[in-house]
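Notes follow once the structure below has been shown.
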Amino acid sequence: MRIIPSDDVNAVVRLHRQVYEAEFELDPSFAQGVATRLAELRRGGFPGPRDGLWLAELDGDVVGSITLNEESRTHGQLGHLVLLPEARGTGAGRRLVDTLLDAARAAGYERLQLFTFSGLTAAGSLYRSVGFELVSSEDVVRWGRRMDWQRYELAL
């Protein structure tokens, strides 16, 4: 398993489609939303000097991703963390998060935020293990299903 910096947004969209439609029964608008968000970021100059996109590879295949993007001079956002089932339990998710946190600190961010939903229990556990705290939770209907939409923050 290796973690590489990249700007391969197509791989990120493909991973999200594979995982979230199959495992979490989100409708196709979820992956389209990922594609739209990444296109918006790219129009704004992503990845810029304080942004990043990292991919996890296993045997030459992309099996995971994570992004960091600048929200303000002092705040960044973790996004697009996803791992295919065959990469889970290998430490790849932790290495992606650690790589992002190192980059965020080096970029001078003071805080990070992320958005997720409660059904992603392994991801939530990982976020909390590195110090993210749940700051809000809201019952919503998104991407064809009801979910508990969550916002986490981390002081760096």
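The values are calculated or read from the model by the stated rules, or taken from the named source; none is laboratory data. All values reported here derive from a predicted model rather than from experimental measurement. Using ideal geometry, Cβ is built from the backbone for each residue, glycine included, and neighbour counts are taken over all protein chains shown.
Just give me the residues in segment 56-76 being under 21 Å from Phe24 (Cβ atoms) and surrounded by fewer than 21 Cβ atoms within 10 Å (Cβ to Cβ), in sequence order.
Filtering segment 56-76 for residues under 21 Å from Phe24 (Cβ atoms) gives 56, 62-67.
Result: Val62, single match.
Kindly indicate whether Val63 is β-branched (Val, Ile, Thr), part of a strand (DSSP E or B) and under 16 Å from the mean Cα position of the chain (by Cα). Give the derivation first.
Numbers: β-branched (Val, Ile, Thr): yes; part of a strand (DSSP E or B): yes; under 16 Å from the mean Cα position of the chain (by Cα): yes.
Taking the combined requirement at face value, the residue satisfies it.
If I ask for residues that are more than 24 Å from Arg88 (Cα to Cα) and of a type outside the set (D, E, K, R), which ones from segment 113-142 would you list? Write out each step before concluding.
Our first condition is that a residue be more than 24 Å from Arg88 (Cα to Cα); within segment 113-142, this holds for 135-142.
Answer for segment 113-142, where residues must be more than 24 Å from Arg88 (Cα to Cα) and of a type outside the set (D, E, K, R): Val135, Ser136, Ser137, Val140, Val141.
Residues being part of a strand (DSSP E or B), β-branched (Val, Ile, Thr) and either at pLDDT below 90 or closer than 18 Å to Asp8 by Cβ (or both) are entirely absent from segment 33-41. The set of residues in segment 9-32 being in contact with a helix residue (DSSP H, G or I) (Cβ under 9 Å, 6 or more places away or on another chain), loosely packed, with under 14 Cβ neighbours inside 10 Å and at pLDDT 90 or above consists of Glu23, Asp27, Pro28. Selection of segment 129-153 for residues being hydrophobic (A, V, I, L, M, F, W, C), exposed (fewer than 14 other Cβ atoms within 10 Å of the Cβ) and more than 14 Å from Leu112 (Cβ to Cβ) yields Val140, Val141. Taking the conditions (1) among the hydrophobic types (A, V, I, L, M, F, W, C); (2) within 13 Å of the chain's Cα centre (by Cα); (3) part of a strand (DSSP E or B) in turn, Leu101 satisfies each one other than (3). The sole residue among Tyr109, Tyr127 that is touching a strand residue (DSSP E or B) at 6+ places or on another chain (Cβ under 7 Å) and assigned to a loop (DSSP other than H, G, I, E, B) is Tyr109. Scanning segment 124-140 for residues that are β-branched (Val, Ile, Thr) and modelled with pLDDT of 95 or more yields Val130, Val135. Annotation note: Cβ proximity below 7 Å between a residue of segment 132-150 that is within 20 Å of Tyr20 (Cα to Cα) and a residue that is outside any strand (DSSP E or B) and hydrophobic (A, V, I, L, M, F, W, C) (sequence gap 6+ or interchain) occurs for Trp143/Leu26; Trp143/Phe30; Gly144/Leu26; Arg145/Leu26. Looking only at residues of segment 80-98 that are modelled with pLDDT of 95 or more and in a strand (DSSP E or B), we find that the one that is surrounded by the most Cβ atoms within 10 Å (Cβ to Cβ) is Val82. The single condition from (1) more than 15 Å from the chain's Cα centre (by Cα); (2) farther than 13 Å from Phe24 by Cα; (3) free of Cβ contacts under 8 Å to residues at least 24 places away in the same chain that Leu156 fails is (3).
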